[in-house]
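The values are calculated or read from the model by the stated rules, or taken from the named source; none is laboratory data. In this text the structure is predicted, and so the values were computed from the model without any measurement. Here the Cβ positions follow ideal geometry from the backbone for every residue, glycine too, while neighbour counts run over all protein chains shown. Accessible surface areas use protein heavy atoms only, side chains included; no ligands, DNA or RNA. Shrake-Rupley method; radii C 1.70, N 1.55, O 1.52, S 1.80 Å.
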Amino acid sequence: MRIFGAESIIPSMGSFHKHAKNLILRIFGPENLRLVLLQDVQRTAQASLLSWLDLPSVELKEATSSMIFSVTAKRLISYDSSSSDGKLWKQFDAFIRGLLAFPLYIPGTAFYQCMQGRKEVMKILRKLFDERKKAPSRREKVDFIDLLIDTIKEDKLAMSDNFALNLIFLLLFAGFETTSSGITAAIKFLTDNPKALQELTDEHENIRKRRASPDAEITWEEYKSMNFTSCVIHESLRLANIAPLLFKKSKEDVHIKAYTIPKGSKVMVCPSIVHLNPTIYEDPNVFNPWRWKVCELLYECEIAEPLGGASKDFMAFGGGLRLCVGAEFAKMQMAIFLHSLVTKYRWKAVKGGTMVLSPGLRFPDGFHIQIVHKY
Ligand code: HEM
């Protein structure tokens with residue numbers, strides 16, 4: 001609560017939580033994904049790949065963080081990474097380091113650094129928010145700040161400025177840190193699995209060949225037809241365990257098998273225990289995207305809903321009422337990036353690529369790759 005702010009979507013409940021989620025979905029929900037974000041993501045992915053071309057080495061986690069931040073921040077706060085110093089996302093670095101640390105607020109501790117990181121970002125956001133609040137109302141609502149300011153002014157939800165600011169902060173963070181890890185992990189798994197990479201490449205080459213003009217923009221229908229890509233994404237997220245822990249509180253006594261979790265208990269859910277359980281996933285440590293394909297063909301399977309959000313066997317995006325609101329956006333960004341990459345470029349690993357859970361997914365030496373034109 002101290003890290004994300006006491007007044008935030010995380011502890012909110014009931015209808016207020018539902019309204020806050022609906023507000024987020026106005027920006028990152030299915031309609032905007034199809035009409036606005038598909039194009040944004042595609043253009044940004046293509047421009048980023050082009051700018052990395054022929055560099056001796058690109059550290060993928062950092063490069064994709066910056067790329068994704070620019071897409072998300074544009075829609076949240078109209079942030080233009082090309083006209084600003086492009087480094088707002090870097091301010092989150094100190095924040096991330098202490099995210100799951102012992103909460104000791106003394107200079108030098110990871111928690112202290114985390115809170116300093118939060119302070120820096122919040123200062124920038126508050127300035128932006130106050131300026132926008134004072135400015136005359138824009139007729140065309142262009143970003144999330146506008147939406148929040150309108151909501152506050154209309155006073156429909158009794159939403160405070162602090163809640164709004166904490167929400168922007170959370171979305172900026174959740175939007176880039178998780179998805180960039182997902183992409184980096186997927187590329188690392190594909191680098192180590194040429195057979196999977198070949199099948200993925202074939203899927204995207206075929207989409208490209210079916211177009212009247214091979215370089216035309218990806219359509220929503222094409223995106224929805226990326227079945228093997230979806231398997232690769234699910235398998236990468238299963239193994240990467242980007243969200244290492246979920247915190248819950250039981251609202252009533254919960255009976256599970258022979259146990260009772262008493263009302264009011266704080267429960268820490270650890271998704272990797274499920275994702276690496278050999279009774280659910282055969283050879284759980286092996287990157288095997290085809291295990292998801294079986295589900296898709298049979299429409300019934302032991303594992304999880306193949307293309308959907310969550311189940312008791314797949315909780316990379318959490319589940320239930322708290323299911324990640326950005327899940328579809330994240331999966332789309334991963335798929336579009338993979339499409340843009342494998343249709344035009346080849347890459348080779350240069351350095352790093354080791355993944356550790358400590359406790360969240362980290363790449364201690366980064367993952368450095370070199371990208372070259374395919375043809
Ligand atoms: C691969 C990428 C992502 C992963 C693995 C991920 C994971 C998760 C998980 C596990 C939760 C549930 C937390 C809980 O139950 O306590 C969650 C919630 C959330 N995520 Fe994501 N996320 C991703 C991308 C995104 C993106 C792109 C956004 C926004 C643009 C986002 C925004 C949120 C928000 C606002 C919540 C809180 C929902 C609520 O409390 O109702 N996430 N995410």
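Looking for something free of Cβ contacts under 8 Å to residues at least 60 places away in the same chain and either within 14 Å of LEU23 (Cα to Cα) or open to solvent by less than 50 Å² (accessible area, probe 1.4 Å) (or both) - is there at least one such residue anywhere in the stretch 179-186?
no
So if I check each of MET315, MET332, which one is modelled with pLDDT of 95 or more, among the hydrophobic types (A, V, I, L, M, F, W, C), within 15 Å of the ligand (Cβ to nearest atom) and surrounded by 14 or more Cβ atoms within 10 Å (Cβ to Cβ)?
Every option except MET332 fails the conditions.
Determine if the stretch 104-126 includes at least one residue that is modelled with pLDDT of 85 or more, more than 21 Å from the chain's Cα centre (by Cα), open to solvent by 30 Å² or more (accessible area, probe 1.4 Å) and closer than 27 Å to LEU37 by Cα.
yes
When only residues in the stretch 30-73 that are buried (at least 18 other Cβ atoms within 10 Å of the Cβ) and not in a helix (DSSP H, G or I) count, which is farthest from the chain's Cα centre (by Cα)?
Result: VAL58.
With respect to the numbered conditions (1) within 26 Å of LEU246 (Cβ to Cβ); (2) touching a Gly at 6+ places or on another chain (Cβ under 9 Å), which one is the sole condition not fulfilled by SER70?
Only one criterion in (1) within 26 Å of LEU246 (Cβ to Cβ); (2) touching a Gly at 6+ places or on another chain (Cβ under 9 Å) is unmet by SER70, namely (1).
Which of the residues spanning the stretch 90-103 are open to solvent by less than 30 Å² (accessible area, probe 1.4 Å) and either assigned to a loop (DSSP other than H, G, I, E, B) or at pLDDT 80 or above (or both)?
Passing the criteria: PHE92, PHE95, GLY98.
Given the criterion more than 9 Å from the ligand (Cβ to nearest atom), open to solvent by 10 Å² or more (accessible area, probe 1.4 Å) and not in a loop (DSSP other than H, G, I, E, B), identify the matching residue among VAL342, VAL350.
VAL350
Of all residues in the stretch 147-164, which are under 20 Å from GLN91 (Cα atoms) and either of a type in the set (Gly, Ala, Ser) or within 14 Å of the ligand (Cβ to nearest atom) (or both)?
Result: ALA164, single match.
Pull up the stretch 357-371, narrow it to residues that are over 17 Å from the mean Cα position of the chain (by Cα) and open to solvent by less than 50 Å² (accessible area, probe 1.4 Å), then point me to the one that is nearest to the ligand (Cβ to nearest atom).
PHE367
Considering only the stretch 1-18, state which residues are surrounded by 16 or more Cβ atoms within 10 Å (Cβ to Cβ), of a type outside the set (Gly, Ala, Ser) and more than 11 Å from the ligand (Cβ to nearest atom).
Within the stretch 1-18, ILE3, GLU7 meet the criteria.
For the stretch 231-267, which residues satisfy the criterion of being more than 21 Å from the chain's Cα centre (by Cα), hydrophobic (A, V, I, L, M, F, W, C) and open to solvent by 80 Å² or more (accessible area, probe 1.4 Å)?
Result: ILE256, ALA258.
Can you go through ILE183, ILE218 and tell me which one is in contact with a helix residue (DSSP H, G or I) (Cβ under 6 Å, 6 or more places away or on another chain) and assigned to a helix (DSSP H, G or I)?
ILE183
Tell me which of these ALA196 doesn't satisfy, since it passes every other one: (1) closer than 27 Å to ARG75 by Cα; (2) more than 16 Å from the chain's Cα centre (by Cα); (3) buried (at least 17 other Cβ atoms within 10 Å of the Cβ); (4) away from the ligand (no atom under 11 Å from the Cβ).
Unmet for ALA196, out of (1) closer than 27 Å to ARG75 by Cα; (2) more than 16 Å from the chain's Cα centre (by Cα); (3) buried (at least 17 other Cβ atoms within 10 Å of the Cβ); (4) away from the ligand (no atom under 11 Å from the Cβ): (1).
Could you say whether any residue in the stretch 291-311 is modelled with pLDDT of 95 or more, within 29 Å of ASP40 (Cβ to Cβ), open to solvent by less than 30 Å² (accessible area, probe 1.4 Å) and not hydroxyl-bearing (Ser, Thr, Tyr)?
no
Name the pairs whose Cβ atoms lie under 8 Å apart, with the first residue in the stretch 247-271 and touching a residue at least 40 places away in the same chain (Cβ under 8 Å), the second of a type in the set (Phe, Trp, Tyr), and 6 or more positions between them or separate chains?
VAL269/PHE247
Considering only the stretch 136-155, I want to know if a residue exists there that is of a type in the set (D, E, K, R) and crowded, with 20+ Cβ neighbours inside 10 Å.
The answer is no, given that none of the residues of the stretch 136-155 is of a type in the set (D, E, K, R) and crowded, with 20+ Cβ neighbours inside 10 Å.
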